[in-house]
Ligand SMILES: C[S@@+](CC[C@H](N)C(=O)[O-])C[C@H]1O[C@@H](n2cnc3c(N)ncnc32)[C@H](O)[C@@H]1O
C-alpha cells in the first residue's frame with residue numbers, strides 16, 4: 001500500500017454509501033437508457049401494475065425477447081412496403097410540432113420517425129423515443145448518438161405505462177402501436193398524465209374493415225378506427241381531428257386533446 005493511502009483514515013459508512021450511489025448514477029447515465037428521471041434502467045420493474053387484464057396476451061413477445069434481431073426489424077419497419085415509412089415526413093408534418101416542443105414517440109421501434117421528429121422540434125426541443133423493448137431502446141439511443149441528435153432521448157417503459165414525467169409533453173405520437181397496447185386503459189392514462197393540459201395524442205393505425213382489409217390486418221389488429229376512438233375517449237381524451245395524409249390508404253391518423261381541466 002502506498003504511504004499516501006496508508007495515511008488516509010478508513011472511510012466512514014456514510015462515505016461508502018455516497019460512493020456507491022455515485023457509481024450507480026454514473027453507470028445508469030452511461031447506459032443511455034432512461035426509465036424515469038429518478039430511476040435507472042437496472043431498477044425498472046417491468047411487471048404490469050395495473051389490475052386491467054391484457055387485451056392481447058403475447059402480442060409483444062417478439063419485441064421484448066432479449067435475442068431480438070434489431071437489423072431484421074429495421075428492414076421490416078423502414079422498408080418501402082410500409083406506407084407509413086414512405087410517407088413519414090408527411091405524417092410528422094401533420095403533427096403541427098413547433099420549435100422547442102416536447103414530443104414522445106411511443107412505441108418508437110427502430111426509430112423510423114426519429115429524424116423527422118428531431119428536425120420538427122429543433123435543437124431546443126425534445127424527442128422521447130419510448131419503447132417496452134430493451135433491444136430497441138438500446139438501438140434508438142445509439143441511432144440518436146450516431147446522428148448527433150442531442151434532443152433525442154430513448155426511454156424504456158413498461159407494458160402498462162409510458163413512465164414519463166407529468167405534464168411534460170406537447171404531443172404524444174403513437175404509430176402502428178395502439179394495437180400493440182396490451183393494457184390500453186392503463187397506458188392511455190399514463191399518456192394523458194404525461195401530456196400538458198391541452199396537449200395532443202396523435203394515433204396512426206391500421207383501418208380494420210371486415211370484408212375489405214387484408215387478412216393479416218383482420219387477424220393482427222384488434223379494433224377498427226371507430227372502436228379505437230371510443231376507447232380513447234373513454235380514457236378521458238377529447239376528439240380533435242381525423243387528419244388526412246396523402247398516400248395513406250391502409251392507415252388512418254387521428255388526434256385527441258388532453259382536456260385543459262383534466263387531472
Ligand atoms: C409495430 S411496431 C411500430 C414501431 C414504430 N412506431 C413504427 O411505426 O415503425 C410496435 C412497437 O410498439 C412497441 N410497444 C408495444 N407495446 C407498447 C407499449 N405499451 N408502450 C410502448 N411501446 C410499446 C413494440 O415494442 C414495438 O416497438
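Values quoted throughout were computed directly from the atomic coordinates according to the rules given, and no laboratory measurement underlies them. For clarity, every value in this text was computed on a predicted model and none was experimentally measured. Virtual Cβ from ideal backbone geometry, glycine too; neighbours counted across all protein chains shown.
Key figures
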| read-out | value |
| --- | --- |
| Selection status of residue 226, free of Cβ contacts under 8 Å to residues at least 12 places away in the same chain and either under 19 Å from residue 236 (Cβ atoms) or under 15 Å from the mean Cα position of the chain (by Cα) (or both) | yes |
| Residues (more than 19 Å from residue 233 (Cα to Cα) and in a loop (DSSP other than H, G, I, E, B)) located in the range 184-216 | 209, 210, 211, 212, 213, 214 |
| Residue 140 being within 12 Å of the ligand (Cβ to nearest atom), outside any loop (DSSP other than H, G, I, E, B), touching a helix residue (DSSP H, G or I) at 6+ places or on another chain (Cβ under 6 Å) and free of Cβ contacts under 8 Å to residues at least 60 places away in the same chain | no |
| Qualifying residue in the range 88-103 (condition: within 12 Å of the ligand (Cβ to nearest atom) and assigned to a loop (DSSP other than H, G, I, E, B)) | no |
| Unique residue being without any contact (Cβ under 8 Å) to a residue 60 or more places away in the chain, more than 9 Å from the ligand (Cβ to nearest atom) and touching a strand residue (DSSP E or B) at 6+ places or on another chain (Cβ under 8 Å) when the list is 129, 154 | 129 |
| Within the range 208-237, considering residues that are closer than 21 Å to residue 160 by Cα and touching a strand residue (DSSP E or B) at 6+ places or on another chain (Cβ under 7 Å), the one surrounded by the fewest Cβ atoms within 10 Å (Cβ to Cβ) | 233 |
| Pairs with Cβ under 6 Å, 6+ apart, first in the range 96-113 and free of Cβ contacts under 8 Å to residues at least 60 places away in the same chain and closer than 19 Å to residue 164 by Cα, second part of a loop (DSSP other than H, G, I, E, B) and more than 16 Å from the ligand (Cβ to nearest atom) | 100/124; 100/125 |
| Test: residue 146 is out of contact with any strand residue (DSSP E or B) (no Cβ under 7 Å at 6 or more places or on another chain) and either more than 26 Å from residue 47 (Cα to Cα) or within 12 Å of the ligand (Cβ to nearest atom) (or both) | yes |
| So residue 187, is it within 12 Å of the chain's Cα centre (by Cα) and either surrounded by 21 or more Cβ atoms within 10 Å (Cβ to Cβ) or without any contact (Cβ under 8 Å) to a residue 12 or more places away in the chain (or both) | yes |
| Within the range 162-183, tally of residues that are within 10 Å of the chain's Cα centre (by Cα) and either surrounded by fewer than 20 Cβ atoms within 10 Å (Cβ to Cβ) or part of a loop (DSSP other than H, G, I, E, B) (or both) | 4 |
| Qualifying residues in the range 104-126 (those that are in a loop (DSSP other than H, G, I, E, B) and within 19 Å of residue 247 (Cβ to Cβ)) - the one farthest from the ligand (Cβ to nearest atom) | 113 |
| Residue 134 being more than 14 Å from the chain's Cα centre (by Cα), surrounded by fewer than 22 Cβ atoms within 10 Å (Cβ to Cβ) and in contact (Cβ under 8 Å) with a residue 60 or more places away in the chain | no |
| Search result, residues across the range 88-102 that are closer than 20 Å to residue 242 by Cβ and either buried (at least 23 other Cβ atoms within 10 Å of the Cβ) or in contact with a strand residue (DSSP E or B) (Cβ under 9 Å, 6 or more places away or on another chain) (or both) | 88, 91, 92, 94, 95, 96, 97 |
| Residues of the range 157-194 classified as more than 20 Å from residue 118 (Cβ to Cβ), in contact with a strand residue (DSSP E or B) (Cβ under 7 Å, 6 or more places away or on another chain) and within 15 Å of the ligand (Cβ to nearest atom), total | 7 |
